[in-house]
Amino acid sequence: MSAADAANGPRAGAVAGAAPGTGLPPFARGYVPSPGAYDEMMAADGTVRPHWASFLKSLAMMPEGEVARRWRRAERLLRENGLTYDLPADGEGSERPWELDAMPLLIPAAEWRAIEEGVVQRARLLNAVLADLYGKQELLASGVVPAAAVLGNPRFLRPVYGIEPSDGNHLTFLAVDLGRGPDGSWWVLGDRTEVPTDGGYALENRIIVSQCFPDLFRASRVERLALYFNAMHEALVARTGRDNPRIVLLTPGPNRPGYFADAYLARYLGYTLAESLDLTVRDNRLFLKTIDGLRPVDLVVRRVAAEASDPLEVGRNAADGVPGLLQAIRGETVVVANGLGTALVESPAFMAFHAPLCRHLLGEELKLPNTATWWCGDEAAKAHVLANLPSLAITRAASAGTLDADSDSVLEGPSLSDEEIAALRSEIGAHGYRYVAQELVKLSTTPVWRDGAMTPRPMSLRVFVAAVEDGYKVLPGGLARITETRDTRAIALQGGDGSKDTWILAEGPVSTFSILQTRHSEPELRRTGKDLPSRAADNLYWLGRYAERAEELMRVLLAGYRQALETGTEEGSPLAHVLEALMGSDDPSVPKRPAGETIETKLRVLLSDPAASDGLVATLGHLVRTAWLARDRLSLDAWSTLNRFRADQVWRDLSFGRAPSDPGEAVGLLETGIRILAAFSGLGMENMTRSQGWRFLDIGRRLERAQHLIELLRDLLLDGDPEESGALLLLLELCDSVITYRSRYLTPPRIAPVLDLLLLDETNPRSLAYQVSALVNQIDGLPRDREMPGRTDEQRIALALQTAVRLGDTKALARSDARHRRPDLEDLLEEAARALPLLSDRIALTYFSHVDIRRPQDVAPVDQRP
C-alpha cells in the first residue's frame, strides 16, 4: 500500500475481507453493473451502497463453499415442497418449478417508508375511484375521467353498479409493480387490483431464505411479515361481524398460475381453499359444499377473475363461477374481497389519469409516479404517440397487466418492422380509445448468485397491500422478480425467470410476533378440523386408491424382475397370467397389445412405457397429480414423500420411457418405490388426525387393495393345482405375506391355509376380511343424517359383504370339483367383485355428487421434462 493510500484509508463502502483494491469480496470481484442502469448494490463510482456493506461483510466471513452448500439445501426444500408457478390447462404439461435466488433484495428503512407511503396513497386513490365509478360517477360528470375510458371498457361491470360495501372497501387487496429508474427513483409499472396474486410466493420465499441464512437474517434486522398477515386477517374477520366466521379462499384451481401461492396462503391463514364448484347459493346465501352438507360462508377471499365469479350476471361461460353470487353480495349475506369490478382500475388506460385523479379526490400530489402513459382516446395524447410510435410500448387500454406482466399483448415499438408500425399507426388513428402507450422504462439491476459469484440482473418489485381496520397496510417486503437477460427494459421482464426475497432493513429492534401465536380472542376448542369440501374428500379418496394401485403394480413387477434374475421367466407361468390380466384393458380406446409378447417385453412395457394406460408411468402420474390436487390437505412430509416420484431423476427418467438397463437395476428401483409408498402409508397412519379426510384416504386404499386381491385370487386360485404350479408362493409374495405364512406353518404353501390367511383372517392387514372390516368401521364414522332411521346404503353394502366373508368356510372354499374349479371360492369372489364397485359408487353419490368430479387424467400433466 502506498503512503497516499495509507493516509486516505479505505474508500467509502469498502467491505472487510475484500480483495485488495476492489472494495468487494472475491465472489463479487467480477460484478459489473449494466451501463446506464441504477444498481441496487453498487453506486456509480464503484463503491458499495451502505446498506449492502454489512451484508457483504457477513457473507464474506462464511467458509468457502458455504453459500453454495446452504443454497443446495434451499433448492432441496423447493423441490420437496413442490413449489411451482404454472400448471396451465392446455394439457401441455408446462408447469415450471419456482426459481428463487439466494441473494435477497435489500431496501433500507428510510427508502421503504417512502415506498410504503406512496403505495398506501395509491390504494386509497384506487378505492376512491372505484367507489365513485360504481356509485355517483362524479368523475365522469366532471370530465376528470373520460366516459369512453370507463363505459367503453369491458372491465366496467354494469351489474355491480350501485353495490356499496358495508365498510366502503371495494379494494381490499392490491399489488403494485414497481421499477427503479436510472436516477434511483421508484416508478409504478402497473397495478393488480383484480386478483393481486403471488403473496403466498413472497411468504414462501421468506421462509426458505431465512431458514438457509438465519444468521444473516437476524443480523440484518429484517422486518417480519407476520404482523401484516395478522392485521389483514383481523380486518377480514371484523368485516363479517362474527367472532369465528367461515372464510374461504376462492381459487381457480390447480390448472391455473398461482395455485401454489393460493394453497400456501390458505393453509397459513387457516382458510378453506375452495373452487367455484365447491360453492353454491341458496336463498341468496352462499354455502360451502361439504361431506356433511352445506355450510354458510361469511367471507370470500377472491382469487378468480370477475368473469369467472357469477355466470348469471357477469360471466361469459356458464361453466364458470357460482350462480347467484352477485345476488348474495347485494343481499349483504356474504363479503367478497376484492369486490367484483375492481379490474376496471387495473386497466392501463387509468394510469394516464392518476395524477389529476389524486389531486381531485385526495387533494394530494401522487407520491409514486407512474411510468409515462398516454391513453390514445385523448387527441393530444394520440398525436404524441403517433409521432413517437417506434420508441414506445403499445398495449390495449382495457388489457390486464403491465409492462412487466405475463402478457403477449404488449407491442414493443423498436422491435416492429416498418410495415407493422404503419399498420399499428393506422389502427390507433382509427380506434385510439382502444390503445395505451407507455414509455420503455429502463430498470435497475440487483445482485444474483450464479456459479459461486455475484452478477447483476434486471429486477422489478411487486408490493402487496391490504385493507386493515385503520386504513391500508403494506407487506414489509414483497416479491422481487428477476430475469436472466441483461436487457434492463421493463418489457423484457415478461413472466420473469426467477424471484428474490425482499428484506426491509429496520433501523431498530424488529418484532418477533408469529401468526401462530394465540390471537386476542380465546378460540373455541374442537377436536375436528375445518369443514371438508366434497372435492377435497374426493381427491383424498382417489389419492388412497392410486397409492395402493401403484404399490400393487410395483410388487407384481418386482416379482417378475426377481424371477428373471434368479430362475428366468417362463411363458404360461402364474406370473405370466397375472401380467396378461394387468395388460388386458377393457377400455376400447386403449390399443390392444400384439399377441405373442414375451414376459420380458410385458415387464418392460408395464414398467417404463408412458403409453401403457395401466403401466407404472401412467399410474405414478395419476398419483402425483392427485396428490397435487389434495396437497392443501397433506402434511409437508407426506407431500415431500410422494413428490419424489416427480423430483428424483431416476423417476423422471422412467417417465420418459428410459427403462433400467438390467433386471437388477429394475429390482432396486422398484424396491425404492415400494419403500416410498410405505413411508407415505406410515405417515398417514401415524401423523394424520383421524379426521374425515383421513377416512376417505383410507377408504380409497382399502377398496383398491380389496379389488386387487380379488383379481389375484381369481387369476391364480379358481382352477388348476396352485400348489403344483407355484401360484400360492407367488400370491403370498404379491400380498407381502410370505413371512407371516412361514411363521405359522412349517409346510410349503397349501391352498387352505393360504386362503385362510389372505381371504378370511381379519388380523392380516393384507387379507380381504381385514379390508372389508376396515371399510365397515370407516363408513360407520362418516357423516350421516342421524334423524334417518336404519343404516345407509353404503353401510348395508359393506356389512353384507363383511357377513359373507366372515361366513366363508376355508375347507369349502379350497375344495375343487371334477372340473378342477372351486365353485364356493368363485361365488364368494364374485359377490365381493359386485359389491365393491357398488360401494364405491354409493360413497361417491352420497359425499361427492354435488361437485363435478375431476379425475387426474383431466388435469394438465405435471411437467417432467429433464
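The values are calculated or read from the model by the stated rules, or taken from the named source; none is laboratory data. Since this is a predicted model, take the numbers as computed values, not measurements. Glycine also receives a Cβ, built like all others from the backbone with ideal geometry; neighbour counts cover every protein chain displayed. Quick note on the areas: whole protein, heavy atoms, side chains included, nothing else; ligands and nucleic acids left out. Shrake-Rupley method; radii C 1.70, N 1.55, O 1.52, S 1.80 Å.
Between ARG282 and ARG396, what is the spin-label point distance in nm, taking each point 7 Å from the Cα along the Cα→C-beta axis?
About 3.9 nm separates the two model spin labels.
How much accessible area per residue does the stretch 690-851 have, counting only protein heavy atoms and a probe of 1.4 Å, in square angstrom?
On the way: 7500 Å² over 162 residues.
It amounts to 46 Å² per residue over the stretch 690-851.
Taking the Cα centre of the chain as the origin, how large is its charge dipole in debye, to the nearest 20, when only Lys and Arg (+1) and Asp and Glu (-1) carry charge on their Cβ atoms?
1540
Which ³J(HN,Hα) values, rounded to whole Hz and listed in residue order, are derived for the stretch 149-159 from phi using the Karplus coefficients 6.51, -1.76 and 1.60 in 6.51 cos²θ - 1.76 cosθ + 1.60 with θ = phi - 60°, glycine and proline given as x?
For the stretch 149-159, the Karplus-derived couplings read 6, 10, 5, x, 8, x, 8, 7, 9, 4, x Hz, x marking Gly and Pro.
If I take R0 = 45 Å and measure r between the Cβ atoms of ARG73 and LEU838 in this structure, what FRET efficiency does the formula 1/(1 + (r/R0)^6) give, to the nearest 0.05?
Numbers: r = 50 Å, r/R0 = 1.10.
Here the calculated transfer efficiency is 0.35.
What size of dipole, in debye to the nearest 20, comes out for the stretch 690-851 about its Cα centre when the only charges are +1 on Lys and Arg C-beta atoms and -1 on Asp and Glu C-beta atoms?
Details: 22 positive and 26 negative charges, 97 e Å.
The dipole magnitude comes to about 460 debye.
By average Cβ neighbour count within 10 Å, what is the ranking of 255-263, 803-811 from highest down?
Averaged packing, sorted descending, gives the order 255-263, 803-811.
Between ARG815 and ASP470, 0.36 nm times their residue separation minus their Cα-Cα distance comes to what?
Numbers: separation 345, 0.36 × 345 = 124.20 nm, distance 8.07 nm.
Length gained, ARG815 through ASP470: 116.1 nm.
Given R₀ = 56 Å, what would the calculated FRET efficiency be for ALA422 paired with ILE207, taking r from the Cβ atoms and rounding to 0.05?
0.60
Put +1 on the Cβ of every Lys and Arg and -1 on every Asp and Glu Cβ in the stretch 690-842; which of PRO753, GLN802, GLN707 then has its Cα farthest towards the positive end of the dipole?
Highest projection toward the positive end goes to GLN802.
In the chain, which whole DSSP H runs stretch at least 24 Å along their own axis (Cα) and average -0.5 or higher on the Kyte-Doolittle scale?
TM-like helix candidates: 109-133, 534-566, 663-687, 692-717, 823-843.
For the chain, what is the mean residue ellipticity at 222 nm derived from helices alone (per DSSP H run of n ≥ 4: -39500 (n - 2.57); sum divided by total residues; nearest 500 deg cm²/dmol)?
Value at 222 nm, helices only, nearest 500: -13000 deg cm²/dmol.
Using modelled backbone amide H atoms (1.01 Å from N, in-plane), which distant-in-sequence or interchain residues come within less than 5 Å of ARG180's amide H?
Residues meeting the criterion, in which the H sits 1.01 Å from N, are TRP187, SER444.
Given [x] 1.06; [y] 1.09; [z] 1.03 as candidate values of Rg/Rh (Cα atoms, Kirkwood Rh), which corresponds to the one derived from the coordinates?
This structure yields the entry labelled [z].
For GLU830 and ARG49, what does the FRET efficiency come to when R0 = 56 Å and r is the distance between their Cβ atoms, rounded to the nearest 0.05?
For GLU830 and ARG49, the calculated efficiency is 0.10.
So, in Å, what gap is there between the alpha-carbon centers of the stretch 408-483 and the stretch 750-782?
62
Rounded to the nearest 20 Debye, what is the dipole magnitude of the stretch 535-688 about its Cα centre when Lys and Arg each give +1 and Asp and Glu each give -1 at the C-beta?
560
Of ASN205, ALA398, SER725, which is farthest along the charge dipole of the chain in the positive direction, counting Lys and Arg as +1 and Asp and Glu as -1 at C-beta?
Of the candidates, ASN205 comes out farthest on the positive side.
Along the charge dipole of the chain, which of LEU782, THR193, LEU216 sits closest to the positive end, that is, farthest toward it, with unit charges on the beta carbon of Lys, Arg, Asp and Glu (+1, +1, -1, -1)?
Looking along the dipole axis, the top candidate is LEU216.
Each residue of the stretch 324-341 in turn: what ³J(HN,Hα) in whole Hz from Karplus with 6.51, -1.76, 1.60 and θ = phi - 60°, glycine and Pro shown as x?
x, 4, 5, 5, 5, 5, 4, x, 6, 9, 8, 9, 10, 10, 5, x, 5, x
Note down the relative contact order for the chain as a percent, whole number, built from C-alpha pairs under 8 angstrom at least six residues apart.
Once normalised by length, the contact order is 14 percent.
Could you tell me how far the Cα centroid of the stretch 241-279 sits from the Cα centroid of the stretch 380-400, in Å?
38
Please give the contour-minus-distance gain from ALA231 to ASP215: 0.36 nm per residue of separation, less the Cα-Cα distance, rounded to one decimal in nm.
Contour length minus Cα-Cα distance gives 3.0 nm.
Separation of the stretch 670-731 and the stretch 533-553 by C-alpha centroid, Å?
Distance between centres, Cα-based: 13 Å.
So between ARG113 and THR672, what do we pick up on full extension, going 0.36 nm a residue minus the alpha carbon distance?
That pair, ARG113 and THR672, stretches by 195.9 nm at full extension.
How far apart, in nm, are two points set 7 Å out from the Cα along the Cα-to-Cβ line at ALA355 and at SER511?
Going by the 7 Å Cα→Cβ label model, 3.6 nm.
Can you work out ³J(HN,Hα) from phi for every residue in the stretch 249-258, in order, using Karplus 6.51 cos²θ - 1.76 cosθ + 1.60 and θ = phi - 60°, giving whole Hz and x for Gly and Pro?
Using θ = phi - 60°, the values come out as 9, 8, 10, x, x, x, 8, 10, x, x Hz.
With a 1.4 Å probe and all protein chains left in place, how much of the accessible area of the chain comes from carbon and sulfur atoms, in whole percent?
Numbers: 18380 of 36120 Å².
Carbon and sulfur together cover 51 percent of it.
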